[in-house]
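Only one structure is covered here, and it is reproduced in the block below.
The values are calculated or read from the model by the stated rules, or taken from the named source; none is laboratory data. Computed from a predicted structure; not experimentally measured. With ideal geometry, Cβ positions are generated from the backbone for all residues, glycine too; neighbour counts draw on all protein chains shown. Ligands, DNA and RNA are excluded from the accessible area calculation, which covers all protein heavy atoms including side chains. Shrake-Rupley method; radii C 1.70, N 1.55, O 1.52, S 1.80 Å.
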Amino acid sequence: MSDLRPTQKFRHRHLLGIEGLSAADIVTLLDMAEDAIEVSRQIEKKRATLRGRTLINLFFEASTRTQSSFELAGKRLGADVMNMSVAMSSVKKGETLIDTAVTLNAMRPDIIVVRHAQAGAVHLLAKKVDCAVVNAGDGAHEHPTQALLDALTIRRNKGRIEGLTVAICGDILHSRVARSNILLLSTLGAHVRAVGPSTLMPVGIEHMGAEVCRDIKSGLQNADIVMMLRLQRERMSGAFVPSSREYFRFFGLDAEKLGYANKGALVMHPGPMNRGVEIDSGIADGPQSLIREQVEMGVAVRMAVLAALAEHLPNG
Amino acid sequence: MQTPSTMAIAHQPLALVNGRLVDPATGKETRGGVLVIDGVIRDLGASVASATLPSHAQAIDCAGDVIAPGLIDMCAFVGEPGAAHRETIATATAAAAAGGVTTILARPDTNPPVDEPAVVDFLLRRARDTGHVRVLPVAALTKGLKGLEIAEIGLLQEAGAVAFSDAAKSLRNAQVMRRVMAYARDFGALVIHYTEDPDLAGEGVMNEGEFATRLGLTGIPREAEAIMLDRDIRLVALTGVRYHAGLISTKMSLDAIRAAKTAGLPITCATSINHLTLNENDIGDYRTFLKLTPPLRAEDERRALVEALAEGLIDVIVSDHNPQDVETKRLPFAEAEYGAIGLETMLSAGLRLVHSGEVKLPRLIAAMSSRPAEILGLPQGRLAVGAPADLIRFDPDEPYVLDPMQLHSRSKNTPFDEAKMQGRVKLTMVAGQAVWESA
């Protein structure tokens, strides 16, 4: 079986964010992911691209979906995968992030996948290790593989990204998914809207390439893709929005609000969903929903990212 | 007590003729009448006269009295729910009708507070069933008026709340205020805020100064109002929310409002009838009916407020109607409750400023009708064809002495007891129906 290889040269040693990637870089990763989908759909799902390599999943924040997606991606490419979650690490005992990085580095991993609650933590760690680093989400900063899997899902369903109107709705303020998606989709020529109440809208987001809409009706007008974001429970009791019932009434995606978008608009959600808060169950499970497909694309995109970074590993 | 009666038969045209029409929106005064059909003003001016009316129309000769739009009071406590011993919607609106007030904005600091759509609905139903004039609920800015969490502004607005306020409580936390303003702005909601820094006001019970010192009472500095207002103005500039300073009482605040308006910010302001017509010296011998929030200020501050009203810098006059039963007022000054009733005396007291030549009559009426209507986006509050026939008739010169026992409010804590007044309302109409006629 053939290795998963970049169609064009991928020049980056780490994947820390969408920021810094060119349109060509993104397209390269998406094209590789298309091949990875085929790998995952076969009975024999193994490739030798990362054979002998060690991949560490270092998750300072709990995550089921992203961690298992990276784990499967690594294993399907033949790597040895080790999962480290904060609960069993020495970080709980007071070790600093840099000490953790130095310790792990001494174990000679080839790729570390990192999730951390603080923006910039993954960048800091990347400076202290010799291996490749993949950002699996740092605070409210970036979540590049989520944006890539969203782009792949859109491209496979709409045939293109350029010229599409994508409405990203909800808690933009706290969302790394929104930031990475705004950067990626605008780089590929989509028209991106950030839709949500002012209390959940970060100042200056319009300079990152998103048109700001503060009501869902204008936000969904002529949208081809409606991407809903998760609203954390602790943020819906008065600090940012008054209540979950008010949020659902004005910003939750139901059939009526989806009606403002283009006919046949597709619905996405990075998960995990709050049904009845940001999205109606009928929509989440309905014919316009791509939510389950997004999960499949997640594994493919992560295989593509790991394979692309493998090109630069020592002795690669 | 005089009970409001209904004089017009449905669909029968009704005309107030031979009056002095004061249109606050344009500042114009004309001789003539107003023709009302189906609760709406259909014609007005010199052409509306007894001789020109259709034969089936009812005509009321106003004998040269003023005909003006019914007053809109942006701040009154109506007692319901939870304080029916102080006031009810029935008694508050009876007082309003007798005072020429045809629309009341009800304060949200009731028990329970107006922070639930169901309470807005309750108020609207009670007003429909027991009220003599229009009652519009103001809902809470923050849950429980606690100043911590954003209230359900969207759902409350859908239920019928016309503005949002934490009543007499100032919102202390600037981050909460910023978020509340940003959220309200998205819904086009009007934020009404009463600014008094609670920390700086401290234990104060009256205006800080010589008079408080002589009385041995703790003072509240004027800066307590101005500092909070300055903060709010900066947050308005940040968020773009429509903001109404609910009750200002100092020159410092006027300067801040002037600067904000010059800068084009969406800011309006009100003062109370008490702060325009009384000063701290009226407290005299510890008169608790004059214990108000914000406190009555010195005479030079009062005069500055009157000048600002005359020039239009102050948009609105409120009654700040706050009924208190005798037991909570018959206490040492520092322990007595704040507040005075005012719905029934607002116009008479305001006419003092007209009689003294400080304020023109249309300007006074505008601050109690057309300006509130503009700020709230209401169709009433103006003399115009097509507007609801909320009308009042009064003789601005008629002298009387105020007898608190004749007032309709359930509580009698008026600062104007036994005061000589000039000008009282003879007829009040809501949507063409008479709700008050003097004997």
> Restricting the search to segment B:420-439, which residues are assigned to a loop (DSSP other than H, G, I, E, B) and at pLDDT below 95?
Replying inline: B:438, B:439
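Could you tell me which of the residues B:354, B:359 is in a loop (DSSP other than H, G, I, E, B) and assigned by TED's automatic domain parsing to the domain that holds residue B:100?
Residue meeting the stated conditions: B:359.
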> Is there a residue being farther than 21 Å from residue B:102 by Cα and part of a strand (DSSP E or B) anywhere in segment B:15-26?
Replying inline: yes
> When residue B:116 is evaluated against the numbered criteria (1) open to solvent by 30 Å² or more (accessible area, probe 1.4 Å); (2) away from chain A (no Cβ under 12 Å); (3) under 27 Å from residue B:409 (Cβ atoms), which criterion, by number, is the only one it fails?
Replying inline: (2)
> Across segment B:192-202, which residue is farthest from the other protein chains (Cβ to nearest Cβ) among those that are touching a residue at least 40 places away in the same chain (Cβ under 8 Å) and open to solvent by 20 Å² or more (accessible area, probe 1.4 Å)?
Replying inline: B:196
> When segment A:231-269 is examined, which residues are found to be open to solvent by 20 Å² or more (accessible area, probe 1.4 Å), outside any helix (DSSP H, G or I) and away from chain B (no Cβ under 14 Å)?
Replying inline: A:232, A:254, A:259, A:260, A:262, A:263, A:264, A:266
> Only one of B:405, B:429 is farther than 30 Å from residue B:161 by Cβ and either surrounded by fewer than 17 Cβ atoms within 10 Å (Cβ to Cβ) or not assigned by TED's automatic domain parsing to the domain that holds residue B:311 (or both); which?
Replying inline: B:405
> residue A:173 fails exactly one of the following numbered conditions: (1) within 14 Å of another protein chain (Cβ to nearest Cβ); (2) open to solvent by less than 10 Å² (accessible area, probe 1.4 Å); (3) in contact (Cβ under 8 Å) with a residue 60 or more places away in the chain. What is the number of that condition?
Replying inline: (2)
> How many residues does segment B:326-351 contain that are part of a helix (DSSP H, G or I), out of contact with any strand residue (DSSP E or B) (no Cβ under 8 Å at 6 or more places or on another chain), under 20 Å from residue B:296 (Cα atoms) and hydrophobic (A, V, I, L, M, F, W, C)?
Replying inline: 1
> Do we find a residue being small (Gly, Ala, Ser) and more than 21 Å from residue B:58 (Cβ to Cβ) anywhere in segment B:391-411?
Replying inline: yes
> open to solvent by 10 Å² or more (accessible area, probe 1.4 Å) and out of contact with any Lys or Arg (no Cβ under 7 Å at 6 or more places or on another chain), is that true of residue A:117?
Replying inline: yes
> Which one is farthest from residue B:242 (Cα to Cα) among residues in segment B:298-321 that are open to solvent by 10 Å² or more (accessible area, probe 1.4 Å), out of contact with any Leu (no Cβ under 8 Å at 6 or more places or on another chain) and part of a loop (DSSP other than H, G, I, E, B)?
Replying inline: B:298
>> Can you tell me which residue is nearest to the chain's Cα centre (by Cα) among those in segment B:148-191 that are small (Gly, Ala, Ser) and either at the interface with chain A (Cβ under 10 Å from one of its Cβ atoms) or over 27 Å from residue B:226 (Cβ atoms) (or both)?
In response: B:161
